[in-house]
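All remarks here apply to the structure that follows.
Every number in this text was worked out from the coordinates using simple rules, so none of it is lab data. Predicted model only: the values in this text are computed from it and were never measured. Positions of Cβ are backbone-derived with ideal geometry, glycine not excepted, and every protein chain shown enters the neighbour counts.
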Amino acid sequence: MSAATTSDRTRLRVRVTGAVQGVGFRPYVYRLAVRYGLAGFVINGPEGVTIEVEGDRASDFVATLPLEAPPLARIDHNCVRETAALEAKEFSIGTSEAGKLSTQIVVDAAACQQCLSELFDPESRRYLYPFISCCHCGPRYTIAERLPYDRRNTVMRAFRLCAACAAEYADPASRRFHAEAIACPTCGPRLSHGISAIAAAIAGGQIVAIKRLGGYQLLCDARNQDAVQRLRRRKQRLQKPFAVMVDSVERVSDIAEANAPELALLESVARPIVLLSSRNNLAPAIAPGLSRVGVMLPVAPLHHLIFHALRSAGACVRTGPVIVATSANLCGEPLLIDNAQALRRLKAISDLIVTHDRDIVARADDSVVSVVAGRPRFIRRARGYVPEQIRLAKVGAVRARRRRSTEIDRHHHAGQPSVRLPAYWRSGYGRGHPRVRGDDPTPYIEP
Ligand SMILES: [Zn+2]
Ligand SMILES: [Zn+2]
């Protein structure tokens, strides 16, 4: 904790709006305040984040604030005014402020590099743990039931933090300081099957359903024509192309041609499916008669673990494993997110159904993007991109936009500290995605 100096004390109140909740913004503010020897507090508020800083270097703090913000944060507006000094001695992270809600919820983000290093580090207590996350990665939008984005308002409240996680959550030096979705093998969600069993099923030509961020997903070996055809028959999807997943950006060139903007999109935290020129060396049933193939990189730690197990088991050593990754739903129906429903409905499609006990609140399909003249063109804007652009405060504008764009809304309950999001908001984007049709000749990759 920092002790503020006593001479010429300035106390500033800073209100920050934008994508500032659930992105490690409060821990960032805390560390910055400590760096400048300031007292005060930071809290999630109805408008975004409210900060009060007191001390000689309060102005330096305000000047630096937008410059070093966390990677997933976006500051739209920064309002500063002077207030009376309180001779405060410490800086703290407060509980959330009540009031009308108008802040934004942040998109889910692919596993970050630091979490991946821990995931495969035998010394880490989250070694091979599929629900590893931190302030800079993991689920947000798909697990939030209410705003503001605090653990108690997400499905993670069902998992009481163990002592080790609680210590990280409370430690300003930890990159999981106030990371709301924090979990570990002791206290967090659990997967229904071992990773080696999942990998063995895929390598053996079976169709596997997994519960990933925002909904269930079907996987099978993308080089196994028989498996892909079986998936088509069972899913009653006879023509539309499937997307495939490779384990790293280096492996993309094995199966497709990709230029720099396309590779950058593949590697972005949103991890969309990117349509690329195919080398036609996968099962022909993946994209019958098409010159392009939808490619994506692993999104969740679970995907990385499956690839790791496939490689360890010696599957596809020469070329690297490639798996079909498609949304788990029956033809024309929305993406499945509920465990009981998935176990019932996916029996006819998949040979193995891998589930876990972290609920999904909002559906989020994979986004599909094509790069045209160096610029991304959305074919489906979903996971990783929604609802980033939507300001919850502007309900009227959102309603008007809803007819042609992403569906999102919330009730206005003046004075309530948190608001339950309405059912259709929670039910996500199943068949209502905005689609930019443009002149792209490639058929859409449907859920
Ligand atoms: Zn992380
Ligand atoms: Zn724990």
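Data for the structure
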read-out	value
Alpha-carbon Debye profile of segment 11-93, log10 I(q)/I(0) at 0.19 Å⁻¹	-0.72
Difference of contour (0.36 nm per residue) and Cα-Cα distance, residue 239 to residue 260	4.6 nm
Options 276, 343, 252, ranked by Cα towards positive dipole end of segment 195-354, top entry (Cβ charges)	343
326, 154, 10 arranged by Cβ crowding within 10 Å, fewest neighbours leading	10, 154, 326
Residue order, fewest to most surrounding Cβ atoms within 10 angstrom, among 212, 140	140, 212
Contour minus Cα-Cα distance for residue 248 and residue 187 (0.36 nm per residue)	19.0 nm
Amide hydrogen neighbours beyond the local backbone of residue 193, cut-off 5 Å, H modeled	355
Packing-based exposure ordering (other Cβ within 10 Å, fewest first) of 265, 38	265, 38
